[in-house]
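Presented below is the structure to which this report refers.
The values are calculated or read from the model by the stated rules, or taken from the named source; none is laboratory data. Just so it is clear, the model here is predicted, and its values are computed rather than measured. Methodologically, a virtual Cβ is constructed for each residue, glycine included, from the backbone with ideal geometry; neighbour enumeration extends over all protein chains shown.
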Ligand code: ADP
């Protein structure tokens, strides 16, 4: 079996025992690397002023070599905050209005990708299988090919892929598409993303869809494409939630809800997550169903992210003000309708809270997959499962057919779905949950990893 080389912007290096466990993706990639032996290379998360990093930080753990590199401050600003997070992220989430193009940032993005390729090159063997992850590193294969590497190289995009009208408004769309054409397999989260990619090629007259959309031909290369829905370690997460629900932390949380129904939302603070629309939906629900006032608590757990990007700073203020306004208008001396927690919570508490909540409210405006939706389902009590209210614009909606699907822009629709979820019969809740759980047990994170690698390695 060939060695596996994983390249991603950030690398999960195993922690000392006692630290929080790694997320499902890291566990699955580490298992695949351990089985085949291999390398996981990426940015250390540190910047080294303006002096280029001297050499890679190499750490060996069992069969896996972790290779980390620092970047300069300029690299981080241009490649990471600049092009990846201020251009590709909004474009891929259909937010043309938020993309801020700058030549300097675009150049920085391609420069850092070249730098990664040069750092990786001395570590590579001719038959290594290379798996590149996410929007930060699209041009990496092109850089490696230019250096003469003929290895099998696969790419998986963790975020959505937009339709042609959005993508082709981005000034460097051609380099990005050329970059993707240098892979042997380009994987997306859902068939919709795959369709957007193939449809864009055809519509712009730069390529063709072959074999019913399983292959593409463009810029002189033919390569595979596929949809691989990322998932969680379903069985392990379900067991973890059972254990967590008995912890003193979760017991305290349960007591603090005081017999009210709990509704939970868990998202990084990001404009793609639809948090302001969701709060509007909850407010509308309370207004339309006054009998529920003082009977429900909506807990929104939202750690800050990307505070260097102005939209995120602004959003932080908007959400805090909005939650405050609703609490001021509808709360009473003994009831706070929205509990807004602006930080990360320990995973055992999170799992226990999911299990406690009657409704999991997951309403992104656009999301590649959304693992919170899958975690919420996995954490439920089979004898008394909660209801998932899920945006039709999350990749997970393509799979989780037992959810109550909503259009997050339709505030009243969300309000009605909350009301419907809270009054749903036990029979219906069980039926819906069982369907979703069965699917998630079959299509877990290991299946995702195996399916991608199988398609990448097979002819
Ligand atoms: P994204 O990758 O865009 O942030 P996902 O829903 O796919 O969205 O994944 C988010 C992951 O981060 C999930 O595994 C979730 O449990 C975790 N997470 C999100 N918010 C918190 C929080 N407040 N505390 C702890 N973990 C969180």
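Every condition in (1) surrounded by fewer than 18 Cβ atoms within 10 Å (Cβ to Cβ); (2) over 18 Å from the mean Cα position of the chain (by Cα) holds for residue 23 except the one numbered (2). Counting residues in the range 116-128 that are over 20 Å from residue 182 (Cα atoms) and crowded, with 20+ Cβ neighbours inside 10 Å gives zero. The strands (runs of 3 or more DSSP E) found wholly in the range 179-275 and carrying at least 1 residues that are within 15 Å of the ligand (Cβ to nearest atom) and modelled with pLDDT of 95 or more occupy 185-188, 261-266. The set of residues in the range 344-367 that are under 29 Å from residue 91 (Cβ atoms) and more than 7 Å from the ligand (Cβ to nearest atom) comprises 360, 361, 362, 363, 364, 365, 366.
With respect to the stated conditions, residue 309 fails to be in contact with a helix residue (DSSP H, G or I) (Cβ under 8 Å, 6 or more places away or on another chain), assigned by TED's automatic domain parsing to the domain that holds residue 379, more than 16 Å from the ligand (Cβ to nearest atom) and more than 25 Å from residue 406 (Cα to Cα). Among the candidates 262, 288, the residue that is out of contact with any strand residue (DSSP E or B) (no Cβ under 6 Å at 6 or more places or on another chain) and within 30 Å of residue 412 (Cβ to Cβ) is uniquely 288. A residue that is free of Cβ contacts under 8 Å to residues at least 40 places away in the same chain, under 22 Å from the mean Cα position of the chain (by Cα) and in a helix (DSSP H, G or I) occurs somewhere in the range 397-420.
Checked against the criterion of being closer than 24 Å to residue 416 by Cα, within 16 Å of the ligand (Cβ to nearest atom) and crowded, with 16+ Cβ neighbours inside 10 Å, the range 321-329 contains one or more residues that satisfy it.
Candidates in the range 391-403 are the residues that are touching a helix residue (DSSP H, G or I) at 6+ places or on another chain (Cβ under 8 Å) and surrounded by fewer than 19 Cβ atoms within 10 Å (Cβ to Cβ); of these, the one that is nearest to residue 378 (Cα to Cα) is 401.
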